[in-house]
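**Student:** Have a look at this one before I ask anything.
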Amino acid sequence: MEVLQLISVDHVHPHDLIFCEEEAIHLNGDEEILCCACSKSLAGASFYSCSECYFFLHKTCAELPPTIKHPSHRKHPLILLSNSPYGSGRFICDMCIGLNTDGFLYHCSDCKFDLDINCALLARCFIQTETHKHHFTHWSKSDPFTCDFCGIYSFQSGVLLGGDLLPWICTNCHVVVHNKCMSLSFTVYLLQHDYPLIHTYFLPESQSIDLTCRICRQEVNRKFGCYSCQHCPSVVHVVCALDNLREVRQKFWTEEIEAADDQLVEQEIEHFSHPHHKLFMVQHHDDDHAIETKCDACMHQISYPFYKCLECDFSLHINCSKFPKQINHPLHPQHPLTLEPNDESCICYCFACSNPFHGFAYHCRACFEEFTIDIRCALVNPLEFFHDSHKHPLSVFTQSNNYPRCTSCGKVGREDGKYMLRCRK
């Protein structure tokens, strides 16, 4: 029994359509059959037909989205119609100024703006954003331009731009983009957001949305590309999003530290940070005076019980003694970080908070950038950090070109202080 492939396109036709292979075109003999959407011949193409009426669609035309955003009309989305919305039964395409009496069209009812199917498909990247393959060619002009994909203005006149900022133009869509933006990811995942963000080329004026970037808090220009959320009204500059990418399904450091907490507490240990002597557990002290000793790992005041070297002044909290030697951290997903004791003869600065520190730190041995994060900052969950001063969870963000003021200490973020925690609400 033959199984028919049926689809429903209720927005343009009331009946279900049956899929037909290329060879099925012989059913009408020598008569040429035209697609009801684009008015082109169905010869040599797979198509859909209606068994109840004389209605045919190319497979590609049947899969046209019912609503699109188009660069020639950025105010409102365009709706796919199967025939002219005007009493005359005709419409004029506002792109090619051609008079049409049949075929599908994309229509804006607010502005009486119309595009025939062929003109609408010229900007295919705005319609088939995830699957369309652009055909770019280098733009040899030296005029300033704004990248349609990221919204960054590049002033070329008299200035030799780097290779990443050179202009390229899509031969299908006529959008001008930076060299580095030709391969932008359609979907990104950020530390600051629970849902994936989708790249969009502009936001229609009719779309009600908060245009404040969720990362840098500067306005997003709705006329150019950005990343937006499909689950909530959140938008992010392309540059901010790329600065804050995280790997999906990455094994976070918290899993490793939590696993370390299950280790048995031993009475004496050998620790890599103090290789010459063993460390012994100190359970309590005879008097009730406060302990003056600090933990050599986190530099916080020590508390019972703890590990101590009986031959020199070296102490560790029990938890600090169990930190894993190597972790994966979301602030530096490129390489694993290795736990290292600090050399007291040199001054180290934490990459996360920019403050000098003594004690242990996690260090990347693969980067020339000398990525080092203080053990105290390494313990902060940058994806979901709870603080007594605020009722909502905080998450890390990259400051980009905006340096906000810390609500707690009042200090303004510095250019070399890359990360801060901010409320996600």
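**Student:** Kindly indicate whether D110 is modelled with pLDDT of 85 or more, under 33 Å from the mean Cα position of the chain (by Cα) and among the charged types (D, E, K, R).
**Tutor:** Numbers: modelled with pLDDT of 85 or more: yes; under 33 Å from the mean Cα position of the chain (by Cα): yes; among the charged types (D, E, K, R): yes.
Yes: the conditions hold for D110.
**Student:** Can you find a residue in segment 33-48 that is out of contact with any strand residue (DSSP E or B) (no Cβ under 6 Å at 6 or more places or on another chain), at pLDDT 80 or above and part of a helix (DSSP H, G or I)?
**Tutor:** The answer is no; no qualifying residue exists.
**Student:** Listed residues P233, P275; which is under 30 Å from R222 (Cβ atoms), outside any strand (DSSP E or B) and modelled with pLDDT of 70 or more? Step through it out loud before you land on a result.
**Tutor:** Values: P275 fails: under 30 Å from R222 (Cβ atoms).
None of the other options fit; the residue is P233.
**Student:** Quick one: in segment 208-228, which of the residues that are over 17 Å from L242 (Cβ atoms), in a loop (DSSP other than H, G, I, E, B) and touching a Ser or Thr at 6+ places or on another chain (Cβ under 9 Å) is least open to solvent (accessible area, probe 1.4 Å)?
**Tutor:** I209
**Student:** Determine which single condition T372 fails, assuming it passes every other condition in (1) at pLDDT 85 or above; (2) buried (at least 18 other Cβ atoms within 10 Å of the Cβ); (3) more than 23 Å from L190 (Cα to Cα).
**Tutor:** (3)
**Student:** Ok, one more. Within the bounds of segment 244-259, is there any residue that is polar (S, T, N, Q) and modelled with pLDDT of 85 or more? Even if it seems obvious, please write down each step before you answer.
**Tutor:** Here is the first cut: in segment 244-259, the ones polar (S, T, N, Q) are 244, 250, 254.
Next cut, modelled with pLDDT of 85 or more only: none.
For segment 244-259, residues polar (S, T, N, Q) and modelled with pLDDT of 85 or more: absent.
**Student:** I'd like to verify a number: residues in segment 327-350 that are under 27 Å from the mean Cα position of the chain (by Cα) and modelled with pLDDT of 85 or more, how many? Talk me through it step by step, then tell me what you get.
**Tutor:** Applying the first criterion (under 27 Å from the mean Cα position of the chain (by Cα)) to segment 327-350 yields 327-337, 350.
Add one more test, that the residue is modelled with pLDDT of 85 or more, and what stays is 337, 350.
Of the residues in segment 327-350, 2 are under 27 Å from the mean Cα position of the chain (by Cα) and modelled with pLDDT of 85 or more.
**Student:** As an exercise: evaluate N402 against (1) closer than 19 Å to R214 by Cα; (2) among the polar types (S, T, N, Q); (3) modelled with pLDDT of 75 or more; (4) surrounded by fewer than 17 Cβ atoms within 10 Å (Cβ to Cβ) and give the number of the one condition it does not meet.
**Tutor:** (3)
**Student:** Being open to solvent by less than 30 Å² (accessible area, probe 1.4 Å) and closer than 22 Å to F385 by Cα is the filter here; which residues of segment 306-321 pass it?
**Tutor:** The answer is C320, and nothing else.
**Student:** Now a separate question. Can you work out which of the residues in segment 322-345 that are open to solvent by 50 Å² or more (accessible area, probe 1.4 Å) and assigned to a loop (DSSP other than H, G, I, E, B) is nearest to D243 (Cα to Cα)?
**Tutor:** This residue is K325.
**Student:** Turning to a different aspect of this structure: Can you say whether D287 is modelled with pLDDT under 70 and open to solvent by 70 Å² or more (accessible area, probe 1.4 Å), as far as the supplied structure shows? Break it down into steps so the answer makes sense when it comes.
**Tutor:** Numbers: modelled with pLDDT under 70: yes; open to solvent by 70 Å² or more (accessible area, probe 1.4 Å): no.
No: the conditions fail for D287.
**Student:** Here are the criteria: (1) at negative phi; (2) part of a loop (DSSP other than H, G, I, E, B); (3) modelled with pLDDT of 85 or more. Tell me which single one G151 does not satisfy.
**Tutor:** The failed condition is (1).
**Student:** Take the conditions among the hydrophobic types (A, V, I, L, M, F, W, C), over 30 Å from D194 (Cα atoms), in a strand (DSSP E or B) and at pLDDT 80 or above and apply them to M281. Does it pass?
**Tutor:** yes
The values are calculated or read from the model by the stated rules, or taken from the named source; none is laboratory data. Note that the coordinates shown come from a computational prediction; the quantities given were computed from them, not determined experimentally. Every residue, glycine among them, receives a Cβ derived from its backbone with ideal geometry; neighbour counts consider all protein chains shown. What goes into the accessible areas is simple: the full protein's heavy atoms, side chains included, and nothing from ligands, DNA or RNA. Shrake-Rupley method; radii C 1.70, N 1.55, O 1.52, S 1.80 Å.
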